[in-house]
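Worksheet for the structure shown next.
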Amino acid sequence: MSASPLFRPFDHPKLKLRNRIVMAPMTRKRSPGGVPGADVAAYYRRRGEGGVGLILSEGAGIRRNGSRSDPAVPNLFGDDALAGWQAVVDGVKATGAKFAPQLWHVGARPDEATKALPEAPIDSPSGLPWPGKTVAEPMSDEAIADTIAAYAEAAANAAKLGCDAVEIHGAHGYLIDQFLWDGTNLRSDGWNGPTLKERARFAAEVVRAMRQAAGPDFPILIRISQDKSPDGSVRLANDPGELALLVEVLAEAGVDIFHCSGARFSRREFAGSDLSFAGWVKKISGLPTIAVGTVGLDVPPATPLFATIAPGPIDEVERRLDAGEFDLVAVGRALLADPDWAEKVRAGRTDELIGFEARYVAELH
Ligand SMILES: Cc1cc2nc3c(=O)[nH]c(=O)nc-3n(C[C@H](O)[C@H](O)[C@H](O)COP(=O)(O)O)c2cc1C
């Protein structure tokens, strides 16, 4: 047994994990027509065999035309896609890891790599991917209701597939975040308001509909972020009081675990305290949180996401985990590079860890 807190089991009433290591959701664009194939199943299975506790899938589309901005992003609806996911889920679970798909709707955001807009109709609160740039009409009430229903359908699909949980992508400037941010939500109806509490209504309705569809015992995670990449200059909540407005609405709607996305797991979120974003969300909500960002990598300041990066020490993330600042630790690029990252860390084989290189984004090894 490793003495590291990373290898303590996670014992949540709805979700038991063999350790605290979560594979971060990472878009692979290797599912032509939205259907994940045997290569995708083998890719996830390898991370399960490598000792990860919970695998979060890449963002997966819901039944709305504009939910994906690239046709090789997988869907979580439709017979062919669900059959593909079944092989993924069964393969991962056979390794002792747990599996949760991430539900993604890009809203008005163009694809980061190709710059292509999503297929019409583009769904977003006000047609803006970014303040001052209009690419579509605001969503109608009917489109909003249908989008919420599509999230619920995908959550029911996840439960039927035998997934252990489902994650909502509520971060990084995509659809849900476009509702949350006053820069992209200019509506004058009940889906907007003066504070994050009113702007969180869409996210909360999505959570409620998913809860209804997937049942009371199915864990629902939501990923939120302060930043709206690619521009890191904007924050969603400027102080703990603002953050509480958002977190309380989502917890009340039925979120079980918050996934707190940020470039660095250790970033001090607000002045006057060393607490990270995941630390603040846990403190405010009383719910478990996942921290993420540069875990296992030696990342100098201002390094781009896809640079060559050496493996790095994990003592700081272990220290914060041990202190209870957050409950789970998501690992992205280090696991993309090294499927055996968790097992190597557990066994103290840190000299064998493989650093990150951009080529791993194009590969599916
Ligand atoms: C290739 C790649 C694809 C990503 N795709 C997604 C995604 O689909 N959904 C998401 O929420 N985050 C996505 N992210 C962000 C990661 O989940 C993670 O937050 C980020 O890489 C920071 O963690 P790391 O420093 O451990 O890599 C992606 C990151 C990378 C490198």
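The values are calculated or read from the model by the stated rules, or taken from the named source; none is laboratory data. Note that this is a predicted model, so its numbers are computed, not measured. Cβ sites come from the backbone with ideal geometry, for glycine too, and all protein chains shown count toward neighbours. Heavy atoms of the whole protein, side chains included, go into the accessibility calculation; ligands, DNA and RNA do not. Shrake-Rupley method; radii C 1.70, N 1.55, O 1.52, S 1.80 Å.
Subtract the Cα-Cα distance of Asp351 and Ala72 from 0.36 nm times their separation in residues, and report this length gain in nm to one decimal. Each step should come with its number before you reach the end.
Working: separation 279, 0.36 × 279 = 100.44 nm, distance 3.55 nm.
Using 0.36 nm per residue and subtracting the Cα-Cα distance, I get 96.9 nm.
Once a ≥ b ≥ c are taken as the square roots of the eigenvalues of the Cα gyration tensor of the stretch 141-284, is the result rounded (a/c under 1.5), prolate (a/b larger than b/c) or oblate (a/b not larger than b/c)? All intermediate terms of the calculation are to be shown ahead of the outcome.
Working: a/c = 1.92, a/b = 1.32, b/c = 1.46.
Verdict is oblate for the stretch 141-284.
For a test of the definition: using alpha carbon positions, the gyration tensor, and the 1.5 limit on a/c, classify the stretch 164-211 as rounded, prolate or oblate.
Values: a/c = 2.90, a/b = 1.64, b/c = 1.77.
Here the stretch 164-211 falls in the oblate category.
Write down the percent of antiparallel bridges among all DSSP beta bridges whose residues are both part of the chain, to the nearest 5.
Values: 8 of 37 bridges.
In the chain, approximately 20 percent of DSSP beta bridges are antiparallel ones.
Quick check on the stretch 201-329: take the gyration tensor over C-alpha atoms, sort the square-rooted eigenvalues as a ≥ b ≥ c, and tell me if it's rounded (a/c under 1.5), prolate or oblate. Numbers along the way, then the final one.
On the way: a/c = 1.73, a/b = 1.64, b/c = 1.05.
Prolate.
With each pseudo-label sitting 7 Å past Cα toward Cβ, what's the Gln212-Asp274 distance in nm, one decimal?
The two pseudo-label positions are separated by 4.6 nm.
Search the structure for amide H atoms under 5 Å from the amide H of Ser57, placed 1.01 Å from N in the peptide plane, and list their residues when 5 or more places away or on another chain.
Correct list: Ala100, Gln102.
Could you check how much of the accessible area of the chain is carbon and sulfur, as a whole percent, using a 1.4 Å probe? Display every interim value, and only then the final one.
Details: 7340 of 13900 Å².
The value for the chain is 53 percent carbon and sulfur by accessible area.
Would you mind pulling out the separation of the Cα centroids of the stretch 139-214 and the stretch 296-365, in Å?
31 Å
What fraction of the DSSP beta bridges in the stretch 33-136 is antiparallel, stated in percent and rounded to the nearest 5?
Numbers: 1 of 8 bridges.
Of all bridge pairs located within the stretch 33-136, approximately 10 percent are antiparallel.
Would you work out which of Thr27, Val207, Leu6 lies farthest towards the positive end of the dipole of the chain, given +1 charges on the beta-carbon of Lys and Arg and -1 on that of Asp and Glu, about the Cα centre?
Selected residue: Leu6.
Modelled label-to-label distance, Asp298 and Ala113, 7 Å Cα→beta-carbon offset: nm?
Taking the two extended label points, one gets 2.9 nm.
At 1.4 Å probe size, with every protein chain present, just tell me what the per residue accessible area of the chain comes to in Å². Please report the intermediate quantities before stating the final value.
On the way: 13900 Å² over 365 residues.
Per residue, the chain has an accessible area of 38 Å².
What is the distance, in nm, between label points placed 7 Å from the Cα along the Cα-to-Cβ direction at His365 and at Lys160?
In this crude label model, His365 to Lys160 measures out at 3.8 nm.
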